[in-house]
Amino acid sequence: MNLHEYQGKELLSSFGVRIQRGIVAHNAKEAVDAAKQLTAETGTGWHVIKAQIHAGGRGKGGGVKLAKNLQEVEELAGQIIGMNLVTPQTSAEGKKVHQVLIAEDVYYPGDNEPEEYYMSVLLNRGTGKNMIMYSTEGGMDIEQVAEETPHLIFTEEVDPALGLLPFQARRVAFNLGLSGAAFKEMTKFVSALYTAYVKSDASLFEINPVLKTSDDKIMAVDSKVTLDDNALYRHRDLAELRDLREENPIEVEAGSLGLNYVDLDGNVGCMVNGAGLAMATMDLIKQAGGDPANFLDVGGTADAARVEAAFNIILKDPNVKAILINIFGGIVRCDRVAQGVIDAYKNIGNISVPIIVRLQGTNADIAKELIDNSGLDVLSATEFQEAADKVQEVLS
(Lines give C-alpha, C1' and ligand atoms only; values in the text may rest on other atoms or scores of the structure.)
Protein backbone atom coordinates (compact mmCIF):
# COMPACT_ATOMS: atom_id res chain seq x y z
CA MET A 1 0.00 0.00 0.00
CA ASN A 2 1.42 3.37 -1.06
CA LEU A 3 1.19 6.52 1.02
CA HIS A 4 1.06 10.11 -0.14
CA GLU A 5 4.08 12.28 0.57
CA TYR A 6 2.36 14.11 3.42
CA GLN A 7 1.26 10.82 5.01
CA GLY A 8 4.76 9.41 4.73
CA LYS A 9 6.22 12.52 6.33
CA GLU A 10 3.76 12.34 9.21
CA LEU A 11 4.78 8.72 9.76
CA LEU A 12 8.47 9.64 9.67
CA SER A 13 7.96 12.52 12.07
CA SER A 14 6.25 10.21 14.56
CA PHE A 15 9.52 8.25 14.77
CA GLY A 16 11.66 11.34 15.26
CA VAL A 17 12.74 11.94 11.66
CA ARG A 18 13.09 15.65 10.91
CA ILE A 19 10.84 16.60 7.98
CA GLN A 20 10.05 19.58 5.81
CA ARG A 21 6.85 20.75 7.47
CA GLY A 22 3.67 21.22 5.50
CA ILE A 23 -0.13 21.30 5.54
CA VAL A 24 -2.52 19.60 3.10
CA ALA A 25 -5.01 21.68 1.15
CA HIS A 26 -7.89 20.57 -1.08
CA ASN A 27 -8.64 23.91 -2.75
CA ALA A 28 -7.03 27.31 -3.32
CA LYS A 29 -8.58 28.91 -0.22
CA GLU A 30 -7.33 26.11 2.03
CA ALA A 31 -3.91 26.53 0.41
CA VAL A 32 -3.76 30.20 1.38
CA ASP A 33 -4.92 29.43 4.92
CA ALA A 34 -2.28 26.69 5.15
CA ALA A 35 0.42 29.06 3.93
CA LYS A 36 -0.53 31.66 6.55
CA GLN A 37 -0.51 29.04 9.30
CA LEU A 38 2.83 27.68 8.12
CA THR A 39 4.37 31.14 8.12
CA ALA A 40 3.16 31.74 11.67
CA GLU A 41 4.55 28.41 12.87
CA THR A 42 7.84 28.28 10.97
CA GLY A 43 8.59 31.81 9.80
CA THR A 44 8.86 30.67 6.18
CA GLY A 45 8.30 33.44 3.62
CA TRP A 46 8.09 31.28 0.51
CA HIS A 47 6.02 28.13 0.11
CA VAL A 48 6.34 25.01 -2.03
CA ILE A 49 3.12 23.74 -3.66
CA LYS A 50 3.37 19.98 -4.16
CA ALA A 51 0.79 17.80 -5.91
CA GLN A 52 -0.14 14.71 -3.89
CA ILE A 53 -0.40 11.67 -6.15
CA HIS A 54 1.09 8.18 -5.99
CA ALA A 55 3.81 8.78 -8.57
CA GLY A 56 7.32 10.15 -8.68
CA GLY A 57 8.69 12.81 -11.01
CA ARG A 58 5.96 15.27 -10.08
CA GLY A 59 8.20 18.27 -10.62
CA LYS A 60 8.90 17.21 -14.22
CA GLY A 61 5.17 17.27 -14.93
CA GLY A 62 4.53 20.66 -13.35
CA GLY A 63 3.24 19.32 -10.05
CA VAL A 64 5.77 21.08 -7.80
CA LYS A 65 5.91 24.89 -7.81
CA LEU A 66 7.50 27.58 -5.64
CA ALA A 67 5.25 30.43 -4.46
CA LYS A 68 6.89 33.67 -3.26
CA ASN A 69 3.73 35.28 -1.89
CA LEU A 70 0.15 34.42 -0.94
CA GLN A 71 -1.22 35.44 -4.32
CA GLU A 72 1.08 32.94 -6.02
CA VAL A 73 0.07 30.30 -3.46
CA GLU A 74 -3.58 30.77 -4.44
CA GLU A 75 -2.88 30.84 -8.19
CA LEU A 76 -0.52 27.85 -8.27
CA ALA A 77 -2.66 25.71 -5.96
CA GLY A 78 -5.68 26.47 -8.13
CA GLN A 79 -3.76 25.39 -11.22
CA ILE A 80 -2.43 22.14 -9.75
CA ILE A 81 -5.56 20.92 -7.92
CA GLY A 82 -7.83 19.21 -10.44
CA MET A 83 -5.19 18.82 -13.15
CA ASN A 84 -4.28 15.48 -14.68
CA LEU A 85 -0.61 15.30 -13.79
CA VAL A 86 1.53 13.34 -16.23
CA THR A 87 4.91 12.19 -14.94
CA PRO A 88 7.44 9.55 -16.05
CA GLN A 89 5.72 7.17 -13.61
CA THR A 90 2.11 7.65 -14.75
CA SER A 91 0.21 6.61 -17.85
CA ALA A 92 -0.25 9.02 -20.74
CA GLU A 93 -3.55 10.12 -19.18
CA GLY A 94 -1.81 11.01 -15.92
CA LYS A 95 -3.38 11.09 -12.48
CA LYS A 96 -5.92 13.61 -11.23
CA VAL A 97 -4.65 15.79 -8.39
CA HIS A 98 -7.14 16.00 -5.52
CA GLN A 99 -4.93 17.76 -2.97
CA VAL A 100 -1.66 19.62 -2.59
CA LEU A 101 0.88 19.90 0.20
CA ILE A 102 1.80 23.45 1.15
CA ALA A 103 5.35 23.07 2.47
CA GLU A 104 7.85 25.41 4.06
CA ASP A 105 10.88 26.68 2.14
CA VAL A 106 13.91 24.91 3.59
CA TYR A 107 16.52 26.18 1.13
CA TYR A 108 17.13 29.33 3.13
CA PRO A 109 20.52 31.13 3.11
CA GLY A 110 23.06 30.46 5.85
CA ASP A 111 26.68 29.71 6.63
CA ASN A 112 26.86 26.72 4.26
CA GLU A 113 25.39 25.74 0.92
CA PRO A 114 22.44 23.29 1.16
CA GLU A 115 23.25 19.80 -0.11
CA GLU A 116 20.92 17.03 -1.32
CA TYR A 117 21.33 13.29 -0.81
CA TYR A 118 19.39 10.17 -1.77
CA MET A 119 18.42 7.54 0.80
CA SER A 120 16.14 4.52 0.87
CA VAL A 121 15.52 1.51 3.09
CA LEU A 122 14.29 -1.75 1.59
CA LEU A 123 14.70 -5.50 1.74
CA ASN A 124 17.55 -7.17 -0.12
CA ARG A 125 15.86 -10.43 -1.02
CA GLY A 126 19.15 -11.95 -2.16
CA THR A 127 20.70 -11.75 1.31
CA GLY A 128 17.57 -11.71 3.47
CA LYS A 129 18.73 -8.48 5.09
CA ASN A 130 17.39 -4.95 5.15
CA MET A 131 19.42 -2.51 3.10
CA ILE A 132 20.04 1.22 3.32
CA MET A 133 20.87 2.57 -0.12
CA TYR A 134 22.23 6.10 -0.27
CA SER A 135 24.08 8.52 -2.52
CA THR A 136 25.49 12.01 -2.59
CA GLU A 137 23.50 12.56 -5.79
CA GLY A 138 20.16 13.53 -4.26
CA GLY A 139 17.34 15.08 -6.23
CA MET A 140 18.09 12.90 -9.28
CA ASP A 141 16.54 9.68 -10.55
CA ILE A 142 18.45 6.94 -8.74
CA GLU A 143 18.24 4.80 -11.90
CA GLN A 144 20.16 7.47 -13.80
CA VAL A 145 22.77 7.70 -11.03
CA ALA A 146 23.16 3.89 -11.06
CA GLU A 147 23.66 3.88 -14.81
CA GLU A 148 25.99 6.86 -15.17
CA THR A 149 27.88 6.99 -11.85
CA PRO A 150 27.40 3.67 -10.02
CA HIS A 151 30.40 4.36 -7.76
CA LEU A 152 28.35 7.12 -6.10
CA ILE A 153 25.77 4.66 -4.76
CA PHE A 154 26.52 3.09 -1.37
CA THR A 155 24.69 0.32 0.47
CA GLU A 156 24.62 -0.68 4.12
CA GLU A 157 23.11 -4.08 4.90
CA VAL A 158 21.43 -4.53 8.27
CA ASP A 159 20.82 -7.89 9.93
CA PRO A 160 17.17 -7.79 11.09
CA ALA A 161 18.09 -9.78 14.18
CA LEU A 162 20.66 -7.20 15.29
CA GLY A 163 19.12 -4.02 13.96
CA LEU A 164 21.04 -0.98 12.76
CA LEU A 165 24.25 -0.70 14.76
CA PRO A 166 25.72 2.71 15.68
CA PHE A 167 28.87 2.24 13.59
CA GLN A 168 26.70 1.61 10.51
CA ALA A 169 24.84 4.91 10.92
CA ARG A 170 28.19 6.67 11.33
CA ARG A 171 29.53 4.99 8.19
CA VAL A 172 26.58 6.33 6.20
CA ALA A 173 27.30 9.87 7.41
CA PHE A 174 31.02 9.43 6.68
CA ASN A 175 30.45 8.16 3.12
CA LEU A 176 28.25 11.19 2.46
CA GLY A 177 31.20 13.39 3.34
CA LEU A 178 29.67 14.96 6.43
CA SER A 179 31.40 16.27 9.52
CA GLY A 180 30.66 18.20 12.68
CA ALA A 181 27.03 18.96 13.51
CA ALA A 182 25.79 17.62 10.15
CA PHE A 183 27.54 14.29 10.84
CA LYS A 184 25.74 13.89 14.16
CA GLU A 185 22.42 14.96 12.62
CA MET A 186 22.78 12.39 9.84
CA THR A 187 23.49 9.51 12.24
CA LYS A 188 20.31 10.40 14.16
CA PHE A 189 18.37 10.71 10.88
CA VAL A 190 19.51 7.30 9.61
CA SER A 191 18.73 5.56 12.90
CA ALA A 192 15.25 7.11 13.11
CA LEU A 193 14.54 6.31 9.45
CA TYR A 194 15.48 2.66 9.91
CA THR A 195 13.34 2.42 13.04
CA ALA A 196 10.37 3.87 11.14
CA TYR A 197 10.88 1.32 8.36
CA VAL A 198 10.92 -1.64 10.75
CA LYS A 199 8.21 -0.52 13.16
CA SER A 200 5.72 0.31 10.40
CA ASP A 201 6.31 -3.00 8.55
CA ALA A 202 7.21 -1.10 5.39
CA SER A 203 8.61 -2.61 2.22
CA LEU A 204 10.14 0.69 1.08
CA PHE A 205 11.09 4.05 2.49
CA GLU A 206 12.61 6.36 -0.14
CA ILE A 207 13.69 9.93 0.68
CA ASN A 208 14.81 11.94 -2.34
CA PRO A 209 16.14 14.35 -1.45
CA VAL A 210 17.45 14.18 2.07
CA LEU A 211 18.55 17.76 2.66
CA LYS A 212 21.43 19.21 4.62
CA THR A 213 20.27 22.75 5.22
CA SER A 214 22.51 25.80 5.30
CA ASP A 215 22.65 25.51 9.11
CA ASP A 216 23.52 21.77 9.04
CA LYS A 217 20.09 20.31 9.83
CA ILE A 218 19.24 16.98 8.13
CA MET A 219 15.65 16.53 7.00
CA ALA A 220 13.37 14.64 4.62
CA VAL A 221 12.16 16.99 1.89
CA ASP A 222 10.21 14.26 0.12
CA SER A 223 9.01 10.78 1.05
CA LYS A 224 7.88 7.70 -0.80
CA VAL A 225 6.51 5.02 1.53
CA THR A 226 5.20 1.59 0.60
CA LEU A 227 3.72 -0.55 3.36
CA ASP A 228 3.55 -4.34 3.33
CA ASP A 229 -0.12 -5.22 2.74
CA ASN A 230 0.33 -8.50 4.61
CA ALA A 231 1.18 -6.63 7.81
CA LEU A 232 -1.60 -4.04 7.74
CA TYR A 233 -3.65 -6.07 10.21
CA ARG A 234 -1.09 -4.92 12.78
CA HIS A 235 -1.46 -1.28 11.78
CA ARG A 236 -5.15 -0.41 11.60
CA ASP A 237 -4.31 3.29 11.78
CA LEU A 238 -2.04 3.05 8.75
CA ALA A 239 -4.54 0.94 6.80
CA GLU A 240 -7.00 3.82 7.09
CA LEU A 241 -4.57 6.03 5.11
CA ARG A 242 -5.24 4.08 1.91
CA ASP A 243 -6.42 6.34 -0.93
CA LEU A 244 -8.50 4.24 -3.32
CA ARG A 245 -8.67 7.13 -5.79
CA GLU A 246 -5.00 6.51 -6.56
CA GLU A 247 -5.45 2.83 -7.36
CA ASN A 248 -6.72 0.98 -10.41
CA PRO A 249 -10.52 0.77 -9.88
CA ILE A 250 -10.70 -2.73 -11.36
CA GLU A 251 -7.97 -3.96 -9.01
CA VAL A 252 -9.78 -2.36 -6.07
CA GLU A 253 -13.02 -4.10 -7.02
CA ALA A 254 -11.26 -7.42 -7.49
CA GLY A 255 -9.63 -7.08 -4.09
CA SER A 256 -13.01 -6.46 -2.47
CA LEU A 257 -14.20 -9.75 -4.00
CA GLY A 258 -11.21 -11.66 -2.66
CA LEU A 259 -9.52 -12.03 -6.05
CA ASN A 260 -5.79 -11.51 -6.59
CA TYR A 261 -5.83 -9.35 -9.71
CA VAL A 262 -3.23 -7.19 -11.48
CA ASP A 263 -4.21 -5.24 -14.57
CA LEU A 264 -1.87 -5.57 -17.58
CA ASP A 265 -1.80 -4.22 -21.14
CA GLY A 266 -2.44 -7.38 -23.17
CA ASN A 267 -5.36 -8.92 -25.04
CA VAL A 268 -5.89 -12.34 -23.39
CA GLY A 269 -7.69 -12.47 -20.06
CA CYS A 270 -6.45 -15.08 -17.58
CA MET A 271 -8.37 -16.91 -14.87
CA VAL A 272 -6.15 -19.29 -12.94
CA ASN A 273 -5.96 -20.89 -9.49
CA GLY A 274 -2.55 -20.49 -7.91
CA ALA A 275 0.08 -17.81 -8.43
CA GLY A 276 2.69 -20.17 -9.90
CA LEU A 277 0.27 -21.60 -12.42
CA ALA A 278 -0.88 -18.06 -13.25
CA MET A 279 2.69 -17.05 -14.10
CA ALA A 280 3.14 -20.15 -16.25
CA THR A 281 -0.15 -19.38 -18.00
CA MET A 282 1.05 -15.87 -18.82
CA ASP A 283 4.18 -17.40 -20.39
CA LEU A 284 1.96 -19.77 -22.35
CA ILE A 285 -0.05 -16.88 -23.74
CA LYS A 286 3.11 -15.07 -24.83
CA GLN A 287 4.38 -18.20 -26.59
CA ALA A 288 1.04 -18.47 -28.37
CA GLY A 289 1.46 -14.99 -29.84
CA GLY A 290 -0.77 -13.12 -27.42
CA ASP A 291 -0.20 -10.83 -24.44
CA PRO A 292 -1.75 -11.40 -21.00
CA ALA A 293 -4.33 -8.76 -20.11
CA ASN A 294 -4.15 -9.52 -16.41
CA PHE A 295 -2.84 -11.67 -13.62
CA LEU A 296 -5.84 -13.26 -11.89
CA ASP A 297 -5.59 -15.89 -9.19
CA VAL A 298 -9.04 -17.06 -8.11
CA GLY A 299 -7.56 -19.17 -5.31
CA GLY A 300 -8.47 -22.69 -4.28
CA THR A 301 -12.22 -22.16 -3.98
CA ALA A 302 -13.14 -21.57 -7.61
CA ASP A 303 -16.89 -22.10 -7.22
CA ALA A 304 -19.59 -20.69 -9.53
CA ALA A 305 -19.90 -17.36 -7.69
CA ARG A 306 -16.15 -16.81 -7.70
CA VAL A 307 -15.82 -17.73 -11.38
CA GLU A 308 -18.67 -15.37 -12.28
CA ALA A 309 -17.03 -12.56 -10.32
CA ALA A 310 -13.74 -13.23 -12.12
CA PHE A 311 -15.50 -13.18 -15.50
CA ASN A 312 -17.05 -9.80 -14.73
CA ILE A 313 -13.69 -8.37 -13.70
CA ILE A 314 -11.91 -9.61 -16.83
CA LEU A 315 -14.67 -8.35 -19.14
CA LYS A 316 -14.31 -4.82 -17.79
CA ASP A 317 -11.13 -4.57 -19.86
CA PRO A 318 -12.10 -3.59 -23.44
CA ASN A 319 -8.76 -4.86 -24.78
CA VAL A 320 -9.56 -8.50 -23.95
CA LYS A 321 -9.98 -10.52 -27.16
CA ALA A 322 -10.02 -13.99 -25.57
CA ILE A 323 -10.17 -15.56 -22.11
CA LEU A 324 -8.09 -18.52 -21.01
CA ILE A 325 -9.27 -20.38 -17.90
CA ASN A 326 -6.54 -22.66 -16.56
CA ILE A 327 -7.46 -24.60 -13.42
CA PHE A 328 -5.57 -27.40 -11.72
CA GLY A 329 -8.00 -29.42 -9.67
CA GLY A 330 -6.22 -30.27 -6.46
CA ILE A 331 -8.18 -28.76 -3.59
CA VAL A 332 -11.09 -27.95 -5.87
CA ARG A 333 -12.69 -30.52 -8.19
CA CYS A 334 -12.54 -29.75 -11.92
CA ASP A 335 -16.16 -30.69 -12.49
CA ARG A 336 -17.27 -28.09 -9.94
CA VAL A 337 -15.21 -25.46 -11.74
CA ALA A 338 -16.63 -26.53 -15.10
CA GLN A 339 -20.16 -26.22 -13.75
CA GLY A 340 -19.19 -22.82 -12.35
CA VAL A 341 -18.02 -21.70 -15.80
CA ILE A 342 -21.25 -22.90 -17.39
CA ASP A 343 -23.44 -21.23 -14.76
CA ALA A 344 -21.45 -17.99 -14.92
CA TYR A 345 -21.61 -17.95 -18.72
CA LYS A 346 -25.40 -18.32 -18.63
CA ASN A 347 -25.85 -15.71 -15.88
CA ILE A 348 -23.69 -13.10 -17.58
CA GLY A 349 -24.88 -13.73 -21.13
CA ASN A 350 -23.60 -12.09 -24.31
CA ILE A 351 -19.94 -12.88 -23.71
CA SER A 352 -18.57 -11.78 -27.04
CA VAL A 353 -15.00 -13.07 -26.69
CA PRO A 354 -13.88 -16.68 -27.15
CA ILE A 355 -13.27 -18.71 -23.99
CA ILE A 356 -10.74 -21.52 -23.71
CA VAL A 357 -11.05 -23.72 -20.62
CA ARG A 358 -8.22 -26.02 -19.58
CA LEU A 359 -9.05 -28.18 -16.57
CA GLN A 360 -6.56 -30.71 -15.25
CA GLY A 361 -6.58 -32.78 -12.08
CA THR A 362 -9.41 -34.28 -10.04
CA ASN A 363 -12.40 -35.19 -12.25
CA ALA A 364 -10.85 -33.46 -15.28
CA ASP A 365 -12.51 -35.96 -17.66
CA ILE A 366 -15.95 -35.23 -16.19
CA ALA A 367 -15.24 -31.49 -16.44
CA LYS A 368 -14.32 -31.72 -20.12
CA GLU A 369 -17.51 -33.66 -20.81
CA LEU A 370 -19.59 -31.00 -19.04
CA ILE A 371 -18.00 -28.21 -21.09
CA ASP A 372 -18.30 -30.08 -24.39
CA ASN A 373 -21.97 -30.95 -23.79
CA SER A 374 -22.99 -27.53 -22.46
CA GLY A 375 -23.90 -26.14 -25.88
CA LEU A 376 -22.01 -22.96 -25.05
CA ASP A 377 -19.37 -21.30 -27.18
CA VAL A 378 -16.57 -22.55 -24.93
CA LEU A 379 -13.50 -24.47 -26.11
CA SER A 380 -12.12 -27.13 -23.77
CA ALA A 381 -8.56 -28.40 -23.48
CA THR A 382 -6.72 -30.83 -21.22
CA GLU A 383 -3.07 -30.24 -22.17
CA PHE A 384 -1.04 -27.04 -21.88
CA GLN A 385 -0.02 -27.12 -25.54
CA GLU A 386 -3.58 -27.79 -26.63
CA ALA A 387 -4.71 -24.69 -24.74
CA ALA A 388 -1.90 -22.68 -26.34
CA ASP A 389 -2.91 -23.82 -29.82
CA LYS A 390 -6.51 -22.78 -29.20
CA VAL A 391 -5.45 -19.36 -27.90
CA GLN A 392 -3.38 -18.89 -31.04
CA GLU A 393 -6.31 -20.05 -33.17
CA VAL A 394 -8.86 -17.62 -31.72
CA LEU A 395 -6.44 -14.68 -31.84
CA SER A 396 -5.71 -15.27 -35.52
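What to note about this one:
- Per residue solvent-accessible surface (Å²) - the chain, probe of 1.4 Å: 47 Å²
- Ellipticity estimate at 222 nm from DSSP helix runs (n ≥ 4, -39,500 (n - 2.57)) divided over the chain, nearest 500: -11000 deg cm²/dmol
- With both labels modelled 7 Å from their Cα along Cα-to-Cβ, the Asp283 to Lys96 distance reads 4.1 nm.
- Tensor-based shape of region 8-91 (alpha-carbon gyration tensor, a/c under 1.5 rounded, otherwise prolate or oblate): oblate
- Against the set (1) -0.50, -0.72, -1.04, -1.37; (2) -0.45, -0.68, -0.98, -1.22; (3) -0.31, -0.52, -0.94, -1.44, the structure's computed log10 I(q)/I(0) by the Debye sum over Cα atoms at q = 0.07, 0.09, 0.12, 0.15 Å⁻¹ falls on (2).
- The packing ranking, built from the mean of other Cβ atoms within 10 Å per residue, places the peptides 84-94, 277-287 in the order 277-287, 84-94, highest first.
- Placing +1 on each Lys and Arg Cβ and -1 on each Asp and Glu Cβ, with no other charges, gives the chain a dipole about its Cα centre of roughly 700 debye.
- Under a Gaussian network description of the chain, with springs only between Cα atoms under 10 Å, the residue in His151, His98, His235 that fluctuates furthest is His151.
- Whether region 95-187 is rounded, prolate or oblate, judged on the alpha carbon gyration tensor where a/c under 1.5 counts as rounded: oblate
- Computed with a 1.4 Å probe over protein heavy atoms only, the accessible area of Tyr107 comes to about 100 Å².
- Beta bridges per DSSP, both residues in the chain: antiparallel share near 70 percent.
- Against the criterion of solvent-accessible heavy-atom surface with a 1.4 angstrom probe, Thr213, Thr382 sort, most first, into Thr382, Thr213.
- Maximal additional length on extending the Lys188-Gln385 stretch stands at 65.1 nm, based on 0.36 nm per residue less the C-alpha distance.
- Considering only Leu101, Leu232, Leu264, the Gaussian network model of the chain with Cα springs below 10 Å gives its largest mean-square fluctuation to Leu264.
- Computed about the Cα centre, the dipole magnitude for region 53-146 is approximately 600 debye when only Lys and Arg (+1) and Asp and Glu (-1) carry charge, each at its Cβ.
- Carbon and sulfur %, accessible surface of region 3-79 computed with the full protein complex present, 1.4 Å: 48 percent
- GNM on the chain, alpha-carbon springs under 10 angstrom: the most fluctuating residue among Arg125, Arg58, Arg336 is Arg125.
- Fraction of accessible area attributable to carbon and sulfur, region 105-216 (%, probe 1.4 Å): 52 percent
- For region 281-396: rounded, prolate or oblate by the Cα gyration tensor [a/c cutoff 1.5]: rounded
- Check: region 188-282 dipole with +1 on Lys, Arg Cβ and -1 on Asp, Glu Cβ, in debye: 420 debye
- Pairs spanning more than 19 Å between alpha-carbon atoms, out of Lys50/Lys96; Lys199/Lys224; Lys50/Lys188; Lys129/Lys217; Lys68/Lys95: Lys50/Lys188; Lys129/Lys217; Lys68/Lys95.
- Projected onto planes of every orientation and averaged, the convex hull of the alpha-carbon atoms in region 70-135 covers 8.2 nm².
The values are calculated or read from the model by the stated rules, or taken from the named source; none is laboratory data. These figures come from a predicted structure and were not determined experimentally. Cβ atoms come from the backbone with ideal geometry, glycine included; neighbour counts cover every protein chain shown. The accessibility values were calculated without ligands, DNA or RNA, using every heavy atom of the protein model including side chains. Shrake-Rupley method; radii C 1.70, N 1.55, O 1.52, S 1.80 Å.
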